[in-house]
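The values are calculated or read from the model by the stated rules, or taken from the named source; none is laboratory data. As the structure is a prediction and not an experimental result, all values here were calculated from the model. Please note: Cβ atoms are built from the backbone with ideal geometry, for glycine as well, and neighbour counts cover all protein chains shown. Side chains included, ligands, DNA and RNA excluded: accessible areas come from the protein's heavy atoms. Shrake-Rupley method; radii C 1.70, N 1.55, O 1.52, S 1.80 Å.
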Amino acid sequence: MSSRFAKRSKQRKVNRILNTFITIVFALILFFGWKWLFANDRPVKETNASPQPVEVEMSERETNEQQPSEQQTEQEENKEQVEETVVDDPNSNVIREIVNSTWQPIGTTQSEPHVTQYDKNSVDWKEMLDAISYATGISSSDLIVWFIGNGGSPNHAVATVSKKDKTEHYKVFIEWVTNEGWKPTKVQQLKEIERRP
């Protein structure tokens, strides 16, 4: 009888422990379930209660979405302003030709009427070099000038230049703009140096 009583006593203890664990697990499930439901429910209520912040967020998003498209438009405009033609003809000395509609006259210290001077010591020569440097992106101190001469009229000139290390060669077309100085009109990158246009 005592052994039976002992077995029953042990069984009751085990049952109590199991019931306690089941109760704890059930309580935890209820607690976290309630918390999860409450957490998911909260933003919906807040959104319904205050629609204005949502509208502000939407307008901010729209602004952010518009900005990349504006930048893209600017890039497309810049591409349209710069015409670059690659010359595929193996018999041509021209690698590519660039025309940039944003090029501006470089300014001048000369007065009108302007007479083009091809004298290396003249102000005109220095200003022509400045325009060539502006068009090629090579500083005038890093240029070798092979030729600057008449480009078909008194107000047009053409130059053949190279970088000092002779890795790049260009033919640059410039025109005189009244009271504003020399302005690049076209640049051709060359395979080899041309002493004359």
Quiz prompt | Accessible surface, segment 144-197, averaged per residue in Å² (probe 1.4 Å) | solution = 49 Å²
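Among the trypsin sites (Lys or Arg not before Pro) within segment 136-189, which fall in a DSSP loop and have no more than 16 other Cβ atoms within 10 Å of their own Cβ? Show your work: numbers first, answer last.
Details: sites: K163, K164, K166, K171, K186; in loops: K164, K166.
Sparse-neighbourhood loop trypsin sites (Lys or Arg not before Pro): K164, K166.
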Quiz item: At a Förster distance of 45 Å, what's the computed FRET efficiency of A6 paired with F38, Cβ-Cβ distance as r, to 0.05?
Solution: 0.40
Exercise. Please find the FRET efficiency linking E97 to K126, where r is the Cβ-Cβ separation and R0 is fixed at 30 Å, and quote it to the nearest 0.05.
Key: 0.70
Quiz item: What value does segment 88-197 have for Rg/Rh, both radii from Cα atoms and Rh as Kirkwood defines it?
Solution: 0.96
Quiz prompt | segment 77-130, accessible surface, carbon-and-sulfur percent (1.4 angstrom probe) | solution = 47 percent
Quiz prompt | Qualifying GluC sites (Glu not before Pro) in segment 166-197, DSSP loop, other Cβ atoms within 10 Å at most 10 | solution = E192
Quiz item: Amide H neighbours of W146 under 5 Å, counting only residues 5+ apart in sequence or on other chains, H built in-plane at 1.01 Å?
Solution: T160, V161, S162
